[in-house]
Amino acid sequence: MKLKDKVALITGGNKGIGLAIAHRYAKEGATSIILARDKAASTKAVEEIRAAGGKAHFIPCDLTQFASLPGVVEEAVKIAGSVDILVNNAGVVDLRPLELVTPDNWDFIFDTNVKGLFFMLQAAAAQMIKQGNGGKIVNISSQAGRRGEGLVLVYGAAKAAVIHMNQTAALELIRHRINVNGIAPGVIDTPMWDDVDAQFCKFKGLPPGSARKAAEAGVPHGRFGVPEDLAGAAVFLASDDAEYIVAQTLNVDGGNWMS
Ligand code: NDP
């Protein structure tokens, strides 16, 4: 077991990639604490993890309520005793041509994917520093943060900001033995991709499902990713095996992008 007795906060741990990570972390001996808004999906996830013999809890959390995030970390410490790992996974998407981007649309993406992610990192790091035992932080970016793409301006800019934070936060926190790294997924079959397909197809005038097919055809590995494809990298970056890995963003994308 690579994460035995560790306590892991996983934002958005009730669906898609976060859910796969919550399951795998529990299998690796960690207590998975799911931070999300949807109570029904989160309760179901906790029940499934416990039924499989793992340890899990749910703490209601809206990342856009920035001032509440230190309290969420405090609650996790009350429940599980410490915070050793943070996976900043939660994210939202909204694709549109640049002429249709509004300040509200910009804030919708940046409030969750950048500002919420940062203040969650800040709150978790403060707790890890207080504990004095180091820690591991894994921020989920995207291949969209690596290069420009039509319709993806705001989401891509937000994910590029996450790659930058992986570097800067890492350089500030490694002196506390807190490793900050990230993962840039490619195209992964989750509820988010249903929205991505619908939005691409709407603006490109294509039949539903065709954006997904085109994306899949471009993956060198030959298939769409599934959430479980991310779990191994998330375990590795949160484990002692990653002790000397600092400020990196690892592509897990079937070969879509090389950096
Ligand atoms: P999903 O849409 O399947 O899940 C998103 C998760 O984020 C949900 O658990 C949701 O929970 C949570 N969430 C959203 N907003 C908030 C908020 N304000 N506060 C707390 N939790 C929130 O997404 P994926 O699993 O596909 O994506 C996970 C991460 O991976 C995201 O950061 C995404 O940008 C990134 N990514 C995904 C790719 C893909 O192809 N799927 C590709 C590249 C990157 P709830 O609604 O209960 O709050």
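The values are calculated or read from the model by the stated rules, or taken from the named source; none is laboratory data. As the structure is a prediction and not an experimental result, all values here were calculated from the model. All Cβ positions, glycine included, derive from the backbone under ideal geometry; neighbour counts span all protein chains shown.
A quick yes/no check of all residues on (1) within 16 Å of the chain's Cα centre (by Cα); (2) within 22 Å of F108 (Cα to Cα); (3) not hydrophobic (A, V, I, L, M, F, W, C):
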| position | (1), (2), (3) |
| --- | --- |
| N166 | yes, yes, yes |
| A214 | no, no, no |
| R223 | no, no, yes |
| E228 | yes, no, yes |
| S239 | no, no, yes |
| G254 | no, no, yes |
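The set of residues from segment 46-79 being among the small types (G, A, S), in contact with a Lys or Arg (Cβ under 8 Å, 6 or more places away or on another chain) and within 19 Å of G12 (Cβ to Cβ) comprises G54, A56.
Restrict the check to segment 159-173 and report whether at least one residue is more than 24 Å from T64 (Cβ to Cβ) and within 14 Å of the ligand (Cβ to nearest atom). There is no residue in segment 159-173 that is more than 24 Å from T64 (Cβ to Cβ) and within 14 Å of the ligand (Cβ to nearest atom). In this structure, V77 qualifies as among the β-branched types (V, I, T), surrounded by fewer than 18 Cβ atoms within 10 Å (Cβ to Cβ) and at pLDDT 95 or above.
Pick out the one residue from A184, A198, A233, A215 that is part of a helix (DSSP H, G or I) and near the ligand (Cβ under 10 Å from one of its atoms).
Values: A184 fails: part of a helix (DSSP H, G or I); A198 fails: near the ligand (Cβ under 10 Å from one of its atoms); A233 fails: near the ligand (Cβ under 10 Å from one of its atoms).
Just a single option satisfies the conditions, and that option is A215.
Output the residues belonging to segment 5-55 that are under 18 Å from L86 (Cβ atoms), basic (K, R) and more than 9 Å from the ligand (Cβ to nearest atom). Selection gives K6, R24, K55. Within segment 173-195, being of a type in the set (D, E, K, R) and either closer than 11 Å to G225 by Cα or in contact (Cβ under 8 Å) with a residue 24 or more places away in the chain (or both) holds for R177, D189, D195. Residues that are without any contact (Cβ under 8 Å) to a residue 12 or more places away in the chain and either within 16 Å of the ligand (Cβ to nearest atom) or not in a loop (DSSP other than H, G, I, E, B) (or both) were ranked within segment 89-112; the one that is surrounded by the most Cβ atoms within 10 Å (Cβ to Cβ) is D107.
When only residues in segment 113-128 that are out of contact with any strand residue (DSSP E or B) (no Cβ under 7 Å at 6 or more places or on another chain) and near the ligand (Cβ under 9 Å from one of its atoms) count, which is farthest from L153 (Cα to Cα)?
G116
Note on segment 238-250: residues that are closer than 13 Å to A30 by Cβ and buried (at least 16 other Cβ atoms within 10 Å of the Cβ) amount to 2. In this structure, V252 does not qualify as away from the ligand (no atom under 14 Å from the Cβ) and not charged (D, E, K, R).
Just checking, how many residues over segment 119-145 are part of a helix (DSSP H, G or I) and farther than 12 Å from A90 by Cα? Step through it out loud before you land on a result.
If we filter segment 119-145 for residues that are part of a helix (DSSP H, G or I), which is where we start, we get 119-131, 143-145.
Next cut, farther than 12 Å from A90 by Cα only: 119, 121-131, 143-145.
Residues in segment 119-145 being part of a helix (DSSP H, G or I) and farther than 12 Å from A90 by Cα: 15 in total.
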